[in-house]
1. Which shape class, rounded, prolate or oblate, goes with the chain when its Cα gyration tensor gives a ≥ b ≥ c as root eigenvalues, a/c under 1.5 marks rounded, and past that a/b bigger than b/c marks prolate?
2. Roughly how many whole Å is it from the C-alpha centroid of the stretch 23-41 to that of the stretch 179-205?
3. Would you please give the FRET efficiency between residue 234 and residue 81, computed as 1/(1 + (r/R0)^6) with r the Cβ-Cβ distance and R0 = 25 Å, to the nearest 0.05?
4. Give me the distance in nm between label points sitting 7 Å out from Cα along the Cα-to-Cβ direction at residue 212 and residue 143, one decimal.
5. Restricting to DSSP loop positions (anything but H, G, I, E, B) with no more than 12 other Cβ atoms inside 10 Å of their own Cβ, which trypsin sites (Lys or Arg not before Pro) remain in the stretch 192-274?
6. If you average 1/r over all unlike Cα pairs in the stretch 169-270 and invert the result, what Kirkwood radius do you get in angstrom?
7. Please go through the stretch 103-207 and write out the GluC sites (Glu not before Pro) that DSSP classes as loop and that have at most 14 other C-beta atoms within 10 Å.
8. How many nm separate the modelled label positions at residue 266 and residue 225, each set 7 Å beyond the Cα in the direction of the Cβ?
Amino acid sequence: MAAIRQMTYQPVDRGAAVETMTFDRLRELNDGGTQRADFHVLGVVDAGHGSVTVDFLRHPLGERSAVWVAPGAVHRWDDLAGVAGHIVLFVPTAPVTHVTRELVSSPDAIAQWSIPDAEWPFVDMARNHLLLETIAPPEATSTELPEILLSALIARLRPPPGRAGSSNPTFRLFRSSVEAHFREHHDAGYYARSLGYAPRTLSRAVQQATGRTAKAYIVERIVLEAKRLLAHDRLTSARCANMLGFPDASNFSVFFHNATGVRPGAWQATAVVD
């Protein structure tokens with residue numbers, strides 16, 4: 001899997017779209033620092049208790065629970081001593097069904113949830129079948145089977161819907177456009193024009209889906225990326241400004257302070273990254 005570069009996620013086969021590893025192996029590789037990958041990290045916990053911090057929010061890991069870290073999210077495995085289960089690593093294009101592709105494309109995915117007892121046997125079987133295929137000899141493996149079985153596992157895990165509903169097609173288009181262009185375009189008017197909606201129509205759709213204005217949604221996305229760059233990449237305000245489309249460090253600092261109540265440097269100094 002060419003995308004896998006971090007020490008914590010050393011790949012077996014860099015050409016694979018789907019790979020698996022145990023929590024035991026994760027413990028061996030984990031250095032306790034933050035990770036930021038451009039692939040999905042999906043964990044299924046069989047037993048034990050621990051925690052993972054995803055984009056600065058701590059989530060518990062318990063028996064029969066799942067954790068999903070989307071590409072780009074800054075995360076840290078905080079306590080894995082007693083956790084047993086498996087991690088599935090996959091590129092965004094790996095799922096093969098419409099429903100699972102929709103799930104993995106959402107930037108508002110839930111990071112952790114419990115698997116109901118009634119669903120566990122199906123999840124366990126889907127996971128075990130995927131494990132068998134990912135460890136099969138290369139010459140005996142169909143290139144499509146891991147992707148098909150990954151889709152089955154995701155469908156069985158039934159990830160809860162994100163905090164922003166996806167049933168409104170106008171909002172879904174806006175959300176995808178923001179994800180693609182927030183580094184260059186900070187104005188809600190740009191998205192209304194590029195998507196062909198009246199500003200009021202777009203604002204109403206975003207408000208109904210998220211409870212926030214279109215402008216607030218854009219600001220929140222920029223702030224999240226800024227925090228990721230400050231905490232994980234340890235960038236300066238000047239570098240953040242450059243990467244996020246601000247004219248200079250001062251302009252970025254004012255934006256960040258207005259949105260969070262603190263200056264970027266002060267936030268970076270208190271961010272837990274080790």
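Coordinate-derived values only; no laboratory data. Every value quoted in this text rests on a predicted model; they were computed, and no experiment measured them. Cβ placement follows ideal geometry from the backbone for every residue including glycine, while neighbour counts extend to all protein chains displayed.
1. On the way: a/c = 1.95, a/b = 1.45, b/c = 1.34.
Prolate, because a/c is 1.5 or more and a/b exceeds b/c.
2. Between the Cα centre of the stretch 23-41 and that of the stretch 179-205, the gap is 36 Å.
3. On the way: r = 28 Å, r/R0 = 1.11.
The pair residue 234/residue 81 has a calculated efficiency of 0.35.
4. 4.0 nm
5. On the way: sites: 193, 200, 204, 212, 215, 221, 227, 228, 234, 239; in loops: 212, 234.
Filter output for the stretch 192-274: 234.
6. Numbers: mean 1/r = 0.0710 Å⁻¹.
Its Kirkwood hydrodynamic radius stands at 14.1 Å.
7. Numbers: sites: 119, 133, 139, 144, 147, 179, 184; in loops: 119, 144, 184.
Passing sites in the stretch 103-207 are 119, 144, 184.
8. If labels sit at residue 266 and residue 225, their model points lie 2.5 nm apart.
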